[in-house]
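Quick notes on the structure that follows.
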Amino acid sequence: MYEGQTVGVVVTAYNEEGLVGRVIETMPEFVDRVYAIDDGSTDGTWNEILEHADDVEVEGVETPSTDDPVPVPTTGEGMVTDGSGYATSVPFVLGIKHARNRGYGATVKTGYRHAHGDRMDVVAVMNGDGQMAPEELHRIIDPVVDGRADYAKGDRMRTRDTREGMSGFRFVGNAALTIMTKFASGYWKMNDSQNGYTAVSLETLERIPYESLYDEYGFLNDTLTTLNIHGMRVANVPHRAVYGEERSSIRLRRFVPRVSALLARNFVRRLKARYLVLDFHPAVLCYLFGTVGLLATLLATVAAVALPLTLVEGFFAAVLTTVLFVAAGTVLSVGIAFDVEQNHPLELVLTE
């Protein structure tokens, strides 16, 4: 228990043999329950989780194999039973095994589902790769515990000290995705969009449709957009980056186009929900006319280059496209300014 509130931690693991056990072992004492989830690993991850688990559950199979412990049945409230219908003590560490690899988002959602059923006041997520220092968990959950935020996320990019050890390639890629996620989510002060060190309140889990969130690595981006649509306050918490010998399972050729498409859809979904359905705001018109204007500028430029124009015609074409570009850019900038102002109350940026 932390400051009078129960704390559950979801530990996600896919082929994290040699790492996930250490994450569980170093969990802070104030954590009430750990949900260690093996997402269909092909190495010894599950055996490592079993060494620390007080109870286990296997998802996705009708009859567990002889290699998998039989899960103890649970009640609808998440309380462990002995099969007789009478509740017994809930384990500190619950090991959960996905029979097949279902994706990072699906793994977190499994943890959310169990923590929600157990009525944990605050639910944190910590990856099983050892990149999230357990001693900083209290800083991640503090904004949620004290009521300043509904959701908190880590930020390794805030200062030079916090991003020490982050490779240049990782930094550039993360920065690009962060900019795109700012547009999609509406959290303009947010950094490090791919950081999975997060915490969420029980009330927030009850208000957002977390079961419908993206199943794969775009889960974090999708979560932010959904939080914004529901008017949730998000805290950005700086913490140091931790890197070792672990290898990312992300395949960029698959990840980049899928997440880019997801962010584009989420941008439209957010504008529709926040500025048309729930209420009307001129920001949506600025985004619309600004985007149309930029596309018209592009088409006009291509036409001017492709067509055999005289010197005078070329001059007027250049002036026209320049004016159109400036006008479209101005309208789009006004839309962004409106958007930033509208979402300002939903953001909390911590400096320490």
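Since every read-out is calculated from the coordinates, none of them should be taken as a lab result. Please read these numbers as outputs of a predicted model, since none were measured by experiment. Note that each Cβ is placed from the backbone with ideal geometry, even for glycine, and that neighbours are counted across all protein chains shown.
Some points to look at:
- Under a 5 Å amide H cut-off, with hydrogens placed 1.01 Å from N, Tyr2 pairs with Val7 among residues at least 5 apart or on other chains.
- For the chain, the antiparallel share of DSSP beta bridges with both residues in that region comes to about 25%.
- Degrees separating the helix 283-306 axis from the principal Cα axis of the chain, which is the longest one: 50
- Alpha carbon convex hull of segment 236-352, projected area averaged over orientations, nm²: 12.3
- 0 to 90° range, to nearest 10: angle between helix 252-272 axis and the chain longest Cα axis: 70
- Using a simple spin-label model with pseudo-atoms 7 Å out from Cα toward Cβ, Val323 and Asp279 lie 3.7 nm apart.
- Here the 3J(HN,Hα) profile of segment 167-183, calculated from phi with Karplus coefficients 6.51, -1.76 and 1.60 at θ = phi - 60°, is 5, x, 5, 5, 5, 5, x, 5, 5, 5, 5, 5, 4, 5, 6, 4, 5 Hz, Gly and Pro shown as x.
- Distance in nm between pseudo-label sites at Leu288 and Thr26 (7 Å out along the Cβ direction from Cα): 5.2
- Candidates Val302, Val56, Val259: whichever shows maximal mean-square fluctuation once the chain is modelled as a Gaussian network with Cα springs under 10 Å: Val302
- Note on the chain: along the principal axes its Cα atoms extend 87, 43, 38 Å, ordered by decreasing extent.
- Under the combined filter of DSSP loop state and at most 14 neighbouring Cβ atoms within 10 Å, segment 277-346 retains these chymotrypsin sites (Phe, Trp or Tyr not before Pro): Phe280.
- Range in the chain, longest, excluding exposed trypsin sites (Lys or Arg not before Pro) [loop by DSSP; at most 16 other beta-carbon atoms within 10 Å]: 252-352
- Whole-number percent relative contact order across segment 281-345, with pairs defined as alpha carbons under 8 Å at least 6 apart: 57
- Rg ratio (alpha-carbon, reference 2.2 N^0.38 Å) - segment 141-207: 1.22
- Degrees between helix 219-229 axis and first principal axis of the chain (Cα, 0 to 90, nearest 10): 70
- Computed over the Cα atoms of segment 281-345, the ratio of the radius of gyration to the Kirkwood radius (Rg/Rh) comes to 1.18.
- Residue with peak Gaussian network fluctuation, the chain [Cα springs, cutoff 10 Å], from Gly168, Gly329, Gly290: Gly168
- Förster radius 30 Å - calculated FRET efficiency between Arg240 and Glu203, Cβ distance, rounded to 0.05: 0.50
- The equivalent ellipsoid of segment 1-55 has semi-axes of 23, 10, 9 Å, largest first, where each one is the square root of 5 times an eigenvalue of the Cα gyration tensor.
- A simple spin-label model places pseudo-atoms 7 Å from Cα toward Cβ; at Ala306 and Arg254 they are separated by 3.7 nm.
- Distances between placed amide hydrogens fall under 5 Å for Val10 paired with Tyr35, Ala124, Val125, Met126, all partners being 5 or more residues away or on another chain.
- Computed over the chain, relative contact order equals 17 percent, with contacts defined as Cα pairs under 8 Å that lie 6+ residues apart.
- Given R0 = 30 Å, the distance between the Cβ atoms of Glu341 and Glu313 translates into a calculated FRET efficiency of 0.10.
- Close amide H contacts of Gly44 (hydrogens built in the peptide plane, cut-off under 5 Å, sequence separation of 5 or more or a different chain): Glu17.
- The gain in end-to-end length when the Thr159 to Thr330 segment is fully stretched comes to 58.4 nm, 0.36 nm per residue minus the alpha carbon separation.
- Rounded to the nearest 20, the size of the Cβ-charge dipole of the chain about its Cα centre is 2020 debye, with Lys and Arg at +1 and Asp and Glu at -1.
- Sites matching GluC sites (Glu not before Pro) across segment 23-56 that sit in DSSP coil, with at most 16 neighbouring C-beta atoms within 10 Å: Glu29, Glu51
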